[in-house]
Amino acid sequence: MRKYVVMGVPGSGKSTQGAMLAREYDLVQISVGDVFRWHVKNHTKIGAQVRRIMAAGELVGDDLVERIVRDRLDQHDWNYGFIIDGFPRNRRQAEFFLESYDIDGVIYLDLPDSEVRRRVLARRLCSVCGMDYNLIEDRPKRAGRCDVCGGELVTREDDTPDALAARLRDYHEKTNPVLELFRRKEFVFGVDAQHDPETVQRDIRERLGLDGHHPVRPLEEDDSARPD
Ligand code: AMP
């Protein structure tokens, strides 16, 4: 059983790295941001509650976030373990999490803010299958269209300069102290997130001491991050 958390600034590749690890090691991937995006897209009651907060780049209330995480983990379908990203984002969430679950490792994706801005403002998502692109490094073959399913590429509502500034501010003020809390427990594995996704994934596995028998493969259509 493996239980991991992925932390890092917006755009550091948390979902991508979580998905790559989950696929090879049969872990359940839980991306709290993806769960909220799913609710917004499907016009649920929760979606209506969080839409504006997300678009402004602010944090959703702890009660709702904790409920989402608890409900998901209570399903107990994670026979081989889970990997969670985008959570915990502040001290209260971290304390809630540590009280209820023991974790084997926190993967910290280290990326400077200047690189975050460059990456996030160039990020595009397929509105149909969720595959993500970057107009600088990972351009679609046909402008504005997904290579995999042909769906329209859109900008995440919170990938604007203002919302990104709010997300970075929250990250440094509220999420960084969580990292310190985990560091005291000595299970934070820092990885340089400036490399390409496959190199970052290799580094993560090495740091976590995972065996080298699983191939590191790029994500494809079937693996694109989706809510669990
Ligand atoms: P992400 O995809 O992780 O950047 O999350 C997108 C947005 O979802 C965030 O900007 C928040 O509005 C909300 N969100 C995701 N995870 C959390 C969390 N743990 N606590 C509060 N809000 C969250």
Scan the stretch 40-51 for residues that are part of a helix (DSSP H, G or I) and either near the ligand (Cβ under 10 Å from one of its atoms) or among the hydroxyl-bearing types (Ser, Thr, Tyr) (or both) and jot them down. 40, 50, 51
Only one of these is at pLDDT 95 or above, of a type in the set (A, V, I, L, M, F, W, C) and either outside any strand (DSSP E or B) or away from the ligand (no atom under 13 Å from the Cβ) (or both): 35, 60. Name it. 60
If the requirement is being within 17 Å of the chain's Cα centre (by Cα) and of a type in the set (Asp, Glu), which of these qualifies: 137, 99, 66? 66
If you go through 124, 142, the only one that is surrounded by 14 or more Cβ atoms within 10 Å (Cβ to Cβ), of a type in the set (Lys, Arg), at pLDDT 90 or above and not in a helix (DSSP H, G or I) is 124
Counting only residues that are within 10 Å of residue 108 (Cβ to Cβ) and part of a helix (DSSP H, G or I), how many does the stretch 177-199 have? 3
Tell me which residues, restricted to the stretch 150-175, are free of Cβ contacts under 8 Å to residues at least 60 places away in the same chain and surrounded by fewer than 15 Cβ atoms within 10 Å (Cβ to Cβ). 150, 152, 154, 155, 161, 169, 172, 173
Among the residues of the stretch 99-121, how many are in a helix (DSSP H, G or I) and in contact (Cβ under 8 Å) with a residue 24 or more places away in the chain? 8
Go through the stretch 58-90 and give me each residue that's of a type in the set (Val, Ile, Thr) and under 20 Å from residue 174 (Cβ atoms). 60, 65, 68, 69, 84
Taking the options 169, 202, 217, name whichever one is under 20 Å from the mean Cα position of the chain (by Cα), in a loop (DSSP other than H, G, I, E, B) and of a type in the set (Lys, Arg). 217
So, in the stretch 147-162, how many residues would count as being within 15 Å of the ligand (Cβ to nearest atom) and closer than 18 Å to residue 135 by Cβ? 8
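The values are calculated or read from the model by the stated rules, or taken from the named source; none is laboratory data. Everything numeric in this text was worked out from a predicted model, so none of it was measured. Cβ: placed from backbone, ideal geometry, glycine included. Neighbour counts: every protein chain shown.
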